[in-house]
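**Q** Shown below is the structure under consideration.
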2 protein chains.
Amino acid sequence: MGIKERRAREKEQLQQQILSAARELFVNEGYENVSMRKIANKIEYSPTTIYLYFKDKADLLDSVCKETLLNLLNTLEQLKSNISDPVETLRKSGRAYVEFGLKYPQDYKLTFVIRPQFQKGLGLEEGSVGEKVFDYLREMVSECIRQQVFCQVDIETTGQVMWSAVHGVTLLLIDFPDFPWTEKDKLIDAVIHTTIEGLKA
Amino acid sequence: MGIKERRAREKEQLQQQILSAARELFVNEGYENVSMRKIANKIEYSPTTIYLYFKDKADLLDSVCKETLLNLLNTLEQLKSNISDPVETLRKSGRAYVEFGLKYPQDYKLTFVIRPQFQKGLGLEEGSVGEKVFDYLREMVSECIRQQVFCQVDIETTGQVMWSAVHGVTLLLIDFPDFPWTEKDKLIDAVIHTTIEGLKA
DNA sequence: TATTCAACTTAACACTGTTAATTATATCAT
DNA sequence: ATGATATAATTAACAGTGTTAAGTTGAATA
């Protein structure tokens, strides 16, 4: 009974095709400036076909963001190696986080700024990929605390402080590219270094 | 020649009326969900009248954001009192910044996240209100450095690190209200405290 | 009173997300 | 191979969007 499977495969392929087209357009032209008709044109289907695969435009955004979070998670998990020096790992993770945001600025904004505006359900709920990203951060931080490098014992707060710092600098660099920033890498390092030192104190 | 003056006054009044209506709608329903026609209805004028006072919708957003920055600047400047303890002043300023963002979350996002998406001209250019806000921060930081409380001598970087931290936590709290944050006030204090301690180290 | 000029409005254009009704197509049973 | 069935994709339409051009009003000037 290979027919049904083939059909299912084809359906999934088209769904993926729609997703790719949507991501590419969202990233290049901005979510607001992308119409369902534009996406439809790109994949050479009629606009309403998209609605057979996604509930609406916000749902499409949702799926794109989920992919982005998966990418981010993969990028981070590749750094989890040397747990012996947890502070160094945390530093590297911070850098990787910011660099991910700057490498895919539109994706980052889509996921962490624009999506929350449309879907009140954050994408950080239990079991979600978003939660796993924060889980990763929690793990890093908790190892630092366990080895008594950080003074404070509150894992949650510590993680959230770290997240605030990297999220903040990422968005500022994305949103105000013409601001007379300190040299970019220096600023990122300063943010991460300052936060880590602050957590040690 | 009071007639022309009266007419000019009336024009300015209507402009202000449009601005107020726009802000109220933007704040309550989100920039994307507010149409020119909605604004027009609110002030009981035809939609196209707005275009006699503002170039387009983005220009309207621009003006709303400029007002927001002025509000923020005023809020901050009221704290500039006791320069004797610059660290305490900086701490208070940080808190005031975040609290401003949380008090007017839509305004904050409009100004620091949504506007940059539409107007590449940041609103932080020379002579602007936005620049004055960062000038304020620079002043606070520079006093800390002058009194040798902060080790680093780079005023710019230090200020930008501080800004990253408060911007980050503000946006996270706004965008993910359902995330299991540490108690809000505790988190804000932790962010500011950590950053300041980190800058001391 | 006629004219000029600014303020404002109406009508229109090309576009948006989305739904309902309709057509085409590929699979199945006969 | 032919007809029935289910599913995939399309067309047409609705109510709404930002914005422009042309037209109307009404008051200040000559």
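A short reminder: the numbers here are calculations on the coordinates, not readings from a lab. Since this is a predicted model, take the numbers as computed values, not measurements. No Cβ is skipped: glycine too gets one built from the backbone with ideal geometry, and neighbour counts run over all protein chains shown.
**Q** Would you point out the residue of segment A:43-65, among those that are surrounded by 16 or more Cβ atoms within 10 Å (Cβ to Cβ) and within 14 Å of another protein chain (Cβ to nearest Cβ), that is farthest from DNA strand D (Cβ to nearest atom)?
**A** A:Cys65
**Q** Please give the number of the condition A:Ala165 fails out of (1) surrounded by fewer than 24 Cβ atoms within 10 Å (Cβ to Cβ); (2) out of contact with any His (no Cβ under 8 Å at 6 or more places or on another chain); (3) not acidic (Asp, Glu).
**A** Looking at each condition in turn, A:Ala165 falls short on (1).
**Q** Okay, next question. Identify the single condition in (1) among the β-branched types (Val, Ile, Thr); (2) within 18 Å of A:Ser128 (Cβ to Cβ); (3) surrounded by fewer than 16 Cβ atoms within 10 Å (Cβ to Cβ) that A:Thr68 does not satisfy, given that it satisfies every other one.
**A** (3)
**Q** Among the residues of segment B:107-127 satisfying the criterion of being within 11 Å of chain A (Cβ to nearest Cβ) and without any contact (Cβ under 8 Å) to a residue 24 or more places away in the chain, which is surrounded by the most Cβ atoms within 10 Å (Cβ to Cβ)?
**A** B:Pro116
**Q** Could I ask something else about it? Criterion first (more than 8 Å from every other protein chain (Cβ to nearest Cβ), in contact (Cβ under 8 Å) with a residue 40 or more places away in the chain and part of a helix (DSSP H, G or I)) does B:Ile188 satisfy it? Please lay out each step first, then the result.
**A** Working: more than 8 Å from every other protein chain (Cβ to nearest Cβ): yes; in contact (Cβ under 8 Å) with a residue 40 or more places away in the chain: yes; part of a helix (DSSP H, G or I): yes.
Yes: the conditions hold for B:Ile188.
**Q** Another one. On the given criteria, is A:Glu24 more than 12 Å from DNA strand D (Cβ to nearest atom), more than 14 Å from chain B (Cβ to nearest Cβ), surrounded by fewer than 18 Cβ atoms within 10 Å (Cβ to Cβ) and over 23 Å from A:Phe134 (Cβ atoms)? Even if it seems obvious, please write down each step before you answer.
**A** Values: more than 12 Å from DNA strand D (Cβ to nearest atom): yes; more than 14 Å from chain B (Cβ to nearest Cβ): yes; surrounded by fewer than 18 Cβ atoms within 10 Å (Cβ to Cβ): yes; over 23 Å from A:Phe134 (Cβ atoms): yes.
Spelling it out, A:Glu24 is indeed more than 12 Å from DNA strand D (Cβ to nearest atom), more than 14 Å from chain B (Cβ to nearest Cβ), surrounded by fewer than 18 Cβ atoms within 10 Å (Cβ to Cβ) and over 23 Å from A:Phe134 (Cβ atoms).
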